[in-house]
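Heads up: the structure comes next, in structure tokens.
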Amino acid sequence: MNNVELRQKLTALQAGDKSVFEEIYNQLKTPMFTIIQRIMQDKMLSEDILQEIFVKLYLSPPENTNNPRAYIFQMARNLAIDGVRKQPQFANLDDVENLVYLPDEDITERMDIERAMKTLSLQECQIVSLHINGELKFREIAEIINLPLGTVIWKYHKAVKHLRSLLSGGAI
Amino acid sequence: MKKTVLFMAVLMCVSMSMTAYAQNEPIRGGVPSVENTGRPTPVEDTDPIIENDGLIDGQENSYRLADGEAGRGTIETPDKYWAENGYPDNISFAYEAGSETLEDGTSIAYWEIGIINADEASKQEILALLSPNCRITFRDCKYSYREREAAFNEIYASRNDIVRNVQMALNSEVVFVEIADGYEKEYARKYIEQYGSFVAVTNDITAAMDATEGLGLDGGDKNNAFGLWLWPICLVFLIGAVTIVFFNRTRLIPTLQTNNGNIVTESTPISRKQTISVIKNSVLTPSDDVFGSIMEKVDKAHK
């Protein structure tokens, strides 16, 4: 669902047409949940965040937003990052963006993609997921995570290269 | 192994002879890397970037240079024209992404022009300036060439042990600055405040430039001739590297085993496209009852 369609649906929802809500949910649930769970690494907590976002969307759909898709994904990302910060084991982390779930993985072993994603820092993971799964533009991602455009592009390419190496099981 | 060594030896001989040949050649103009003043001037590139994966947001994989609009004026090389006459305030970059000769013998050059606030009038103004042999694809930008150049010059002049290098991407509005380890965050903040978000800080400028596919403007003091004879040598080594990679890919790679010796899987190289496709397809879905829970919460909120 692109921005134009999403804006139309949200306008209809705001005008009282509740039937469009399920359509919005069905279109966005998968990319949003993918991004949230990759950040949270916890299915139950990720589902809670997904629920929270859609309840907010239903009760007060965003008004006058040119880019509702980026707005919604930003909300998902921010809540997921807050969720990570609230977890006791990460409470003392100074910079949660640099968190790596599987820091000492052996790259000679061929990995599945979800394990490979855990070897990225949380920031790289967000950039890759927001761009590939969330289909957001680099400029939108740069604004969401408050980094320069060039840095986002560079980190994206670096992360994809790293994932490629892991998925190839050390053959590259 | 013997074959590889032999192959590398042949490559060395070829490259050395080409170097010797090139050193006797007169310097031809038009392809400077960087002037000794540090002022950025474009480096030629002949590889068309047809598929641009993530160079500038919103345009990745979504346009083809061949779809560019033909000019109606007389200027064949806008980058040189603007370098001589000054870049207009609404231009961020002009980049020749490739060229081809049509069946009727006409030579066509594909240009990417970075333009600020790209409205139709500005585009028409540029199309009226450039030759019909130019096919122009416009790219939406935020920062002008002058702003980028001013930042480049200032940062170039401030090079020290921490600020190691600076390069201006040719086909995007990014200016990369290589900063020593541990100082990235501090300098990123400083540069964003000072210049804007087009300045990107990295600790490996080569990797950053490779990632954006842009050809860099080396901040070092290289003379013009160096750039000329480096190309064929790079080409020879590139062919060598591709061949070695090919051998590596086709050789037997040990299978992976668990601790008790069971074979798990074989290592197989996959491409970048495959990697992106895997990420795209590896979606995670919430449980079916999540929507029901949302509607319950909505109902409660209404009551």
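Given the criterion charged (D, E, K, R) and more than 9 Å from chain B (Cβ to nearest Cβ), identify the matching residue among A:ARG7, A:ARG38.
Only one candidate qualifies: A:ARG7.
Check every one of the helices (runs of 4 or more DSSP H) wholly within region B:86-199 and list those with 1 or more residues that are within 14 Å of chain A (Cβ to nearest Cβ) and surrounded by fewer than 15 Cβ atoms within 10 Å (Cβ to Cβ).
Ranges flagged: B:184-194.
Here are some residues: A:LYS18, A:LYS56, A:LYS43, A:LYS29. Which one is surrounded by 14 or more Cβ atoms within 10 Å (Cβ to Cβ), of a type in the set (Lys, Arg) and over 22 Å from B:ILE279 (Cβ atoms)?
A:LYS56
Would you mind finding the one in B:PHE237, B:PHE291 that is surrounded by 17 or more Cβ atoms within 10 Å (Cβ to Cβ), among the aromatic types (Phe, Trp, Tyr) and modelled with pLDDT of 75 or more?
B:PHE291
For the structure I just gave you, tell me whether B:ALA207 is touching a Ser or Thr at 6+ places or on another chain (Cβ under 7 Å) and under 29 Å from A:ALA159 (Cα atoms).
When the stated conditions are applied, B:ALA207 does not pass them.
Working carefully through the options A:GLN41, A:GLN8, find the one that is under 25 Å from A:ILE113 (Cβ atoms) and at pLDDT below 90.
A:GLN41
Quick grid of which residues meet (1) under 30 Å from B:GLU193 (Cβ atoms); (2) within 7 Å of chain B (Cβ to nearest Cβ); (3) in contact with a Phe, Trp or Tyr (Cβ under 6 Å, 6 or more places away or on another chain):
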| site | (1), (2), (3) |
| --- | --- |
| A:ILE132 | no, yes, no |
| A:PHE138 | yes, yes, no |
| A:ASN146 | yes, no, no |
| A:VAL152 | yes, no, yes |
| A:ARG164 | no, yes, no |
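Tell me, which residue of region A:108-125 that is in a loop (DSSP other than H, G, I, E, B) and at pLDDT 85 or above is farthest from the other protein chains (Cβ to nearest Cβ)?
Per the stated criteria, the residue is A:THR119.
Any residue at all in region B:151-169 that is touching a helix residue (DSSP H, G or I) at 6+ places or on another chain (Cβ under 7 Å), outside the structural domain of B:GLY73 (by TED's automatic domain parsing), free of Cβ contacts under 8 Å to residues at least 40 places away in the same chain and under 25 Å from B:ILE116 (Cβ atoms)?
For region B:151-169, residues touching a helix residue (DSSP H, G or I) at 6+ places or on another chain (Cβ under 7 Å), outside the structural domain of B:GLY73 (by TED's automatic domain parsing), free of Cβ contacts under 8 Å to residues at least 40 places away in the same chain and under 25 Å from B:ILE116 (Cβ atoms): absent.
Being within 21 Å of B:ASP89 (Cα to Cα), among the β-branched types (Val, Ile, Thr), modelled with pLDDT of 85 or more and not assigned by TED's automatic domain parsing to the domain that holds B:ASP79 is the requirement here; does B:VAL175 meet it?
yes
Please go through region B:267-295 and pick out each residue that is at the interface with chain A (Cβ under 7 Å from one of its Cβ atoms) and of a type in the set (Ser, Thr, Tyr).
B:SER267, B:THR268, B:THR275, B:SER282, B:THR285, B:SER287, B:SER293
The values are calculated or read from the model by the stated rules, or taken from the named source; none is laboratory data. Keep in mind that this is a model prediction, so the values were computed, not measured. Heads up, the Cβs are rebuilt from the backbone with ideal geometry, glycines too, and the neighbour counts pull from every protein chain shown.
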